[in-house]
Every structure is written in C-alpha cells, then in structure tokens.
Amino acid sequence: MEQYIIKGGKALAGEVCINGAKNAALGILAASVMTDDFVTIENLPDVRDIHVLLQAIESIGAKVERVNRHTARICGSTISSVVVENEYIRRIRASYYLLGALLGKYKNAQVSLPGGCDIGSRPIDQHIKGFEALGAKVKIHHGMIEAEAEHLTGNHIYLDVASVGATINIMLAAALADGQTIIENPAKEPHVVDVASFLNSMGANIKGAGTDVIRIVGVTKLHGSTYSVIPDQIEAGTFMLAAAATRGDVTIRSVIPKHLEAISAKLVEIGAEVEEFDDAIRVVATKRLGHTQIKTLPYPGFPTDMQPQITALLAICKGTSIVTESIYENRFKYVDELARMGTNIKVEGNNAIVNGVAELTGASVCAPDLRAGAALVIAGLVAEGYTTVEQIYYIERGYECFEQKMRELGADMEKVDSEDNKAIQKFKLKVG
Ligand code: EPU
C-alpha cells in the first residue's frame with residue numbers, strides 16, 4: 001500500500017498552481033453526455049474520482065477520449081444503456097449525476113443507490129423530490145434508483161436543505177424539461193455555478209445560479225461545447241492553511257480569490273497575512289497564530305470540506321478554538337488520528353474544542369477520508385520527526401500530485417510503498 005512519509009518542520013515557501021475543481025468537473029462530465037455532439041472539457045484535475053466517473057460514462061456507451069492529462073472529449077451519441085452499475089457509485093457517489101443527466105436526455109435512468117459514507121449518512125431525498133416535481137416516477141428497486149417520465153415538465157421546487165448534489169441533479173434534468181423550473185434555496189457553491197455555466201454553453205437557459213433562486217427554461221436540445229473547469233477552491237484552501245501552519249510564505253496561483261474569502265477571513269483573524277491578486281493569493285505567517293471560532297455552512301460560509309484542515313491548523317495555534325460542523329454528523333473521525341501527533345482536541349457532538357498545543361510529534365496515522373487525509377498531511381508537515389500517512393488513496397481522490405506540489409514548496413514528503421523499507425530508508429537518509 002502506498003503511503004506518504006513526511007519529515008515535518010520546514011516552512012513552505014514558493015508558488016503552487018491549483019488544478020481544476022473536482023466537484024465542478026464531476027457535474028460537468030455528467031452533463032457532457034446530454035448532447036449527441038462532441039464536448040471538450042479542459043482543466044480537469046487528474047485525480048481518481050474523475051477517472052472513475054469517466055469510466056462510468058464509458059460504461060453506458062458514450063465515447064471518451066483523453067486528449068491529454070487535463071482534457072477529455074466526450075460524445076453521448078453512442079449511449080446504449082441508461083443503467084449505471086453499483087461498481088461506479090460505490091467508488092464515487094457523484095456518479096449519481098448521471099441520473100439527472102440521463103433522465104433529462106432520455107427520460108429514463110437507473111443508477112445504483114449510494115449508501116452513507118465516511119463522513120456521515122448522506123440522504124438523496126431532495127434529488128428524488130426534485131425529479132418527482134418534474135414529473136418523473138422514481139422508485140427504489142433492488143438497490144437501484146429508477147427514474148422514468150413520459151415528459152419532464154418544469155415546476156417550482158423548494159429545497160429543504162441547500163444541497164449541492166440535489167441542485168446540480170435537478171438543474172441537469174430541468175435543462176431539457178418542458179417549460180420553466182424554479183429552484184428555491186439552491187446550493188450556491190462555485191461548482192454549482194460552473195455546472196450551470198457549462199450547461200448554458202451547451203445551449204441551456206439557466207439564470208440565477210449562485211443566488212437564492214435558480215430559473216431554468218427547458219430547451220429541446222443541447223449542443224457541443226468546449227469548456228474549462230474553474231480552479232479548485234478546496235485544493236487552494238488546503239495549500240493556504242498548509243502555508244499558515246508551517247509559518248511559510250506561499251503564493252497560490254490559478255485561483256479565484258473571491259471563492260476563498262471565508263478561508264482568507266479566518267486566516268487574517270488569527271494573525272496571518274493574506275494578499276489577494278487577480279488570480280493568485282499569497283499567505284504569509286511569521287509567528288504562532290491565534291484562536292477563533294469556525295462554523296461550517298453552505299457557501300459563502302466556511303466550507304465543510306475545509307473543516308479538518310483548519311482544525312489541524314488551530315490545533316497548533318495559541319488558545320482554545322471551537323469548530324462546529326453543521327453539514328455532516330460524522331466529520332470529526334480524524335481527531336483520534338491527530339491525537340497520535342499530540343493534539344488536544346475534544347469532540348462533543350458536532351463541536352470540536354481545540355486546545356492549541358505548542359508542538360506536534362510525528363506519528364503513523366491513517367487517513368479516514370479525503371479532506372481528513374489532507375489535514376493529517378498538514379499536521380505532519382508541522383510535526384517534529386517523521387509522520388507516515390496511510391490510506392492515501394482517499395487523498396488521491398481529490399488532490400493531484402499532492403506530495404509533488406508540497407515538495408516543490410520545500411516540504412520533505414514522499415510517496416512510498418509501505419512495504420518498501422529501502423525507499424523509506426532512502427527518504428530518511430536524504431532528509432537527515
Ligand atoms: N442532504 C439531504 N438530502 C439530500 C441531499 C443532501 O438531507 O437529498 C444533506 C446532506 O446529508 C448534508 C447536506 O444536505 O447534510 C449537504 O449535502 P450536499 O448534498 O450539499 O452534499 P453533496 O452534494 O453530497 C458535495 C460535495 C462534497 C461536499 C458537500 C458540501 C461533490 C461531489 N461533493 O456533496 O464534497 O462536502 O457538497 O459542500 O460535489 C469532498 O469533495 O471531499 C466532498 C465530500
């Protein structure tokens with residue numbers, strides 16, 4: 001099994017470039033099959049979740065061509081099945097975007113029902129409510145969600161929770177419905193806006209994505225398009241916090257600073273310097289930072305996908321911070337792993353009481369999920385001595401070349417096979 005080995009203690013310095021947003025790309029790739037023309041998607045991150053969704057898209061008969069590492073050409077004209085098997089959903093929940101896409105295009109889709117996951121139970125009742133409001137009959141049968149309609153007709157849909165997945169899935173189906181759909185209380189995340197922009201580039205008529213009301217006027221057909229995915233807000237935020245935690249000086253390039261405001265504001269509040277440029281952001285920390293309170297909220301609030309990383313940072317800051325997780329019920333599992341490195345964090349319900357400690361010591365830890373894995377890496381970069389992070393396949397679901405980018409910023413970090421003692425020894429000899 002591959003693992004990261006890190007020798008902590010170096011301040012990160014230099015520049016890092018951010019890849020395309022995984023969570024935008026997943027919605028966009030699913031939307032690509034909704035036309036029979038070729039679609040070219042650029043700035044795809046080269047990460048595991050994207051590879052799996054492309055396989056799922058191929059499995060239903062669409063053509064998928066990898067033009068290069070970050071560009072794919074997709075053509076949905078050859079789709080021969082509307083059934084997406086469990087194998088893909090098990091590996092990546094977002095395969096369920098094919099439900100909205102295929103329902104919109106063929107008025108029929110069958111996708112395996114996703115279960116809960118490592119961060120909590122993740123119901124899809126709002127997706128189903130939306131499809132039904134558009135006139136689809138939805139049933140769960142032998143573990144599959146089957147959605148079928150004679151016609152899809154626009155409707156007024158109020159989401160009980162501002163769900164990213166439900167907003168995207170409903171937009172996909174409604175883009176090819178008859179008449180107008182209004183989604184109230186939609187998710188406003190940048191990736192929702194990006195999926196809407198991509199659909200519009202294919203001829204859809206979607207207004208208001210990113211605001212409190214989305215209005216979609218259905219069209220009869222979508223056409224080909226070439227589209228570039230927005231930068232990944234969470235990858236950028238992760239490097240911002242790694243820079244602050246190691247008391248470094250890092251310029252993060254190819255970003256949209258507006259998408260990072262919740263993170264920048266917290267960094268400034270605890271004493272880091274944050275400088276914004278047109279498409280870059282520089283984070284400098286020269287001293288031990290202070291404490292704060294964080295509550296995860298839908299965009300533009302503090303993202304739940306940055307909660308583990310900021311908890312790792314606050315764990316080494318002065319004073320006591322409170323981190324409240326309001327999106328998922330089970331997103332503090334990594335705290336026990338951080339404790340192995342000497343943190344002092346108590347979890348009570350959906351609050352983590354983070355008592356800052358002056359230093360961490362390296363340990364062998366295990367990534368319980370994608371963002372928690374990134375948090376353990378941040379802690380490892382700070383800790384004295386060696387840290388190994390296992391189960392890095394979680395991290396590789398969402399971060400492209402994570403260890404290479406950290407190394408380019410000066411970190412002592414390598415990906416090695418846990419059985420390969422020689423490689424581990426070689427790393428230790430190299431970094432001293
Ligand atoms: N929810 C419902 N019913 C639904 C849908 C959601 O109750 O039908 C609840 C969820 O249980 C959760 C909240 O609504 O409490 C928000 O869930 P949402 O649907 O917004 O999440 P998602 O679409 O499943 C996306 C990202 C996640 C990110 C969340 C929140 C993708 C592929 N995934 O998930 O990203 O945490 O939004 O921002 O876009 C990650 O990248 O590490 C990741 C987990």
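The values are calculated or read from the model by the stated rules, or taken from the named source; none is laboratory data. Nothing here was measured: the structure is a model prediction, and the numbers come from that model. Cβ coordinates were reconstructed from backbone atoms using ideal geometry, including for glycine residues, and neighbour counts include every protein chain displayed. All accessible areas refer to the heavy atoms of the entire protein, side chains included, with ligands and DNA or RNA removed. Shrake-Rupley method; radii C 1.70, N 1.55, O 1.52, S 1.80 Å.
For this structure, a couple of remarks:
- The condition of being open to solvent by 10 Å² or more (accessible area, probe 1.4 Å) and under 9 Å from Y4 (Cβ atoms) does not hold for E384.
- Pair list, Cβ under 7 Å, 6 or more apart: region 283-300 residue within 13 Å of A244 (Cβ to Cβ), other residue open to solvent by 80 Å² or more (accessible area, probe 1.4 Å) and not in a loop (DSSP other than H, G, I, E, B): V284/E273; T292/E269
- All of (1) surrounded by fewer than 15 Cβ atoms within 10 Å (Cβ to Cβ); (2) over 18 Å from Y227 (Cβ atoms); (3) among the charged types (D, E, K, R); (4) away from the ligand (no atom under 16 Å from the Cβ) hold for K107 with one exception: (1).
- The single condition from (1) touching a Leu at 6+ places or on another chain (Cβ under 9 Å); (2) within 16 Å of the ligand (Cβ to nearest atom) that P300 fails is (1).
- E146 being of a type in the set (D, E) and over 20 Å from R122 (Cβ atoms): no
- Selection from region 163-184 of residues that are of a type in the set (A, V, I, L, M) and more than 12 Å from V213 (Cβ to Cβ): V164, A166, I168, I170, M171, L172, A173, A174, A175, L176, A177
- Flag if T251 is within 26 Å of E408 (Cβ to Cβ) and either surrounded by 16 or more Cβ atoms within 10 Å (Cβ to Cβ) or at pLDDT 95 or above (or both): yes
- Looking only at region 158-202, residues that are free of Cβ contacts under 8 Å to residues at least 60 places away in the same chain, touching a helix residue (DSSP H, G or I) at 6+ places or on another chain (Cβ under 8 Å) and surrounded by fewer than 24 Cβ atoms within 10 Å (Cβ to Cβ) come to 3 in all.
- Residues of region 52-71 satisfying the condition of being under 23 Å from the mean Cα position of the chain (by Cα) and either within 20 Å of R93 (Cα to Cα) or hydrophobic (A, V, I, L, M, F, W, C) (or both): V52, L53, L54, Q55, A56, I57, E58, V64
- When restricted to residues that are surrounded by fewer than 19 Cβ atoms within 10 Å (Cβ to Cβ) and closer than 22 Å to I157 by Cα, region 203-229 contains 11.
- The sole residue among A367, A411, A363 that is within 16 Å of the ligand (Cβ to nearest atom), within 21 Å of G9 (Cα to Cα), aliphatic (A, V, I, L, M) and touching an Asp or Glu at 6+ places or on another chain (Cβ under 9 Å) is A367.
Residue-by-condition table, conditions (1) surrounded by 19 or more Cβ atoms within 10 Å (Cβ to Cβ); (2) hydroxyl-bearing (S, T, Y); (3) closer than 25 Å to V192 by Cβ:
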| site | (1), (2), (3) |
| --- | --- |
| A272 | yes, no, no |
| F277 | no, no, no |
| A280 | no, no, yes |
| V283 | yes, no, no |
| T286 | no, yes, no |
| T292 | yes, yes, no |
| L297 | no, no, yes |
| F302 | yes, no, yes |
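- Filter pass, S264 being free of Cβ contacts under 8 Å to residues at least 60 places away in the same chain, over 23 Å from D212 (Cα atoms) and part of a strand (DSSP E or B): no
- Pick from region 117-139, criterion surrounded by 12 or more Cβ atoms within 10 Å (Cβ to Cβ) and among the small types (G, A, S), ranking: farthest from the ligand (Cβ to nearest atom): G135
- Some residue of region 300-312 being on the phi < 0 side of the Ramachandran plot and over 24 Å from the mean Cα position of the chain (by Cα): no
- Note on region 335-370: residues that are over 27 Å from the mean Cα position of the chain (by Cα) and polar (S, T, N, Q) amount to 3.
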